Protein chains: 2
Amino acid sequence: MRKREGNKEQAILNAAIKVFAQHGYHRAKISSIADHASVATGSVYLYYKNKESILLTIFDQLWTELTDGLRIIVKRSDIDPSQKLDLVIDKLFDLFIANPALASVFVNEQHHLIKDKRGDIAKQYDDFLDLAEEIIREGVRKKIFNADVDIKIFRHFITGGIRSVLRQWSEHSQTLTLQRLRQNVKYFIKHGLL
Amino acid sequence: MRKREGNKEQAILNAAIKVFAQHGYHRAKISSIADHASVATGSVYLYYKNKESILLTIFDQLWTELTDGLRIIVKRSDIDPSQKLDLVIDKLFDLFIANPALASVFVNEQHHLIKDKRGDIAKQYDDFLDLAEEIIREGVRKKIFNADVDIKIFRHFITGGIRSVLRQWSEHSQTLTLQRLRQNVKYFIKHGLL
DNA sequence: ATGAATAATGAATCATTATTCAATAATAAT
DNA sequence: ATTATTATTGAATAATGATTCATTATTCAT
């Protein structure tokens, strides 16, 4: 028998994140992903059914990680909802500091997957938002947060805003520090413009 | 001589908006756009150089319209910056009420154009944001708006948030009324969560 | 009516790339 | 060392769909 050497599966995934980030999903070539992973073109198909399933796997892992982290934050009873919100934002930013290419894929490519029903990415995204919603509801219940905002709308607004800011950063990282971005987002969500 | 009958150019553009909205830019087929416009496949190329230039034209017209509208709002001296902000949001929402498919293309497809330098879509977007920034600056100067928010970051956050909310609406228009969306966005931008 | 002149057609072409698969290489078991 | 088994390769194939272009249709000027 022969064993698989190294971790080609992960190498291909990392390569795909890089290539998707640089060229966008549709322009990305399997052969280029294979090159980046130091693997033959055909080997990609030993580990992934097709191109789309690579993107699917990226988002699956990403949402799993984000949701697991969020679940822990939601449960905590030692901090108030406002602090929880800060931690969620930190979680997002930390992940993308560690992997800027992933940030770019995250902000730009998810809608390819949501339109088709294949995979459960849309569901995972909803689950994440549902969980985040609990923090807001806790805040409203404890009269810390403003009750006038529609939570369903709010949660989409926030995630969209954060995505947009991250996209900007992923394309012009020189002009903005993530640190500054992070502070501003936290502040703005709570206080608004007035 | 023979004249061009009807307005095929516009018919193709409208068809493209529909098809791009439904399938996304990359999955959209020229032949399908031609069908929707009741025109032969080849005719598309009488009016547009290639597929990308169709998308380019859509965004060019869109940003021109939005920027023209914004310019008028910015100039007004009879209303305060807070009201101006409301009008900008109204402007966006009105446009997309009139044409939901355009909203979907707007929120999902712009990044195809920004990465490449072809066309000046990125510049038009920047111009729009610069103009919007003037409203915020006016508000800060008049002490109506909070001076602690970084305007550059803020403007990306807002547009991203609005996009996200519109995307949600364009995919599930039954559950949310745009009216409600609009009010919430206006309120939230100003007051935040606390 | 006739014939330039231009518009429109859509099947054929071309280019691009995802995917396959026959051949080869590497490993483990005997 | 030999063989069986599985992994890997990358050139060949297949599929897709954008673009072209030879042909046909329509309009207008005379």
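Quick notes on this one:
- Residues that are away from chain A (no Cβ under 14 Å) and of a type in the set (D, E) were ranked within region B:34-65; the one that is nearest to DNA strand D (Cβ to nearest atom) is B:D35.
- With respect to the conditions (1) of a type in the set (V, I, T); (2) touching a Lys or Arg at 6+ places or on another chain (Cβ under 9 Å); (3) under 23 Å from B:D60 (Cα atoms), B:I153 lacks only one, and its number is (3).
- Boolean, A:I97 is surrounded by fewer than 20 Cβ atoms within 10 Å (Cβ to Cβ), under 21 Å from A:G160 (Cβ atoms) and among the aliphatic types (A, V, I, L, M): yes
- Residue within region B:4-14 that is more than 8 Å from DNA strand D (Cβ to nearest atom) and under 16 Å from B:I121 (Cβ atoms) present: yes
- Residue in region B:45-71 that is farthest from B:K91 (Cα to Cα), counting only those that are among the aliphatic types (A, V, I, L, M) and within 17 Å of the chain's Cα centre (by Cα): B:I54
- Meets criteria (surrounded by 14 or more Cβ atoms within 10 Å (Cβ to Cβ), assigned by TED's automatic domain parsing to the domain that holds B:S164, part of a helix (DSSP H, G or I) and basic (K, R)) for B:K84: yes
Listed here are the residues, each with its yes/no results for (1) in a helix (DSSP H, G or I); (2) hydroxyl-bearing (S, T, Y); (3) assigned by TED's automatic domain parsing to the domain that holds A:Q183.
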| position | (1), (2), (3) |
| --- | --- |
| A:G6 | no, no, no |
| A:K18 | yes, no, no |
| A:H26 | no, no, no |
| A:S31 | yes, yes, no |
| A:A34 | yes, no, no |
| A:T57 | yes, yes, yes |
| A:T64 | yes, yes, yes |
| A:D68 | yes, no, yes |
| A:S77 | no, yes, yes |
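- The residue that is nearest to the other protein chains (Cβ to nearest Cβ), among those in region A:14-33 that are over 19 Å from A:D60 (Cβ atoms) and among the charged types (D, E, K, R), is A:R27.
- Residues of region B:27-36 classified as within 15 Å of DNA strand C (Cβ to nearest atom), surrounded by 15 or more Cβ atoms within 10 Å (Cβ to Cβ) and not β-branched (V, I, T), total: 3
- Residues in region B:162-172 that are out of contact with any His (no Cβ under 8 Å at 6 or more places or on another chain), surrounded by 22 or more Cβ atoms within 10 Å (Cβ to Cβ) and without any contact (Cβ under 8 Å) to a residue 60 or more places away in the chain: B:R163 alone.
- Helices (runs of 4 or more DSSP H) contained entirely in region A:97-194, each with at least 3 residues that are of a type in the set (A, V, I, L, M, F, W, C) and more than 10 Å from chain B (Cβ to nearest Cβ): A:100-115, A:121-141
The values are calculated or read from the model by the stated rules, or taken from the named source; none is laboratory data. Note that this is a predicted model, so its numbers are computed, not measured. Glycine also receives a Cβ, built like all others from the backbone with ideal geometry; neighbour counts cover every protein chain displayed.
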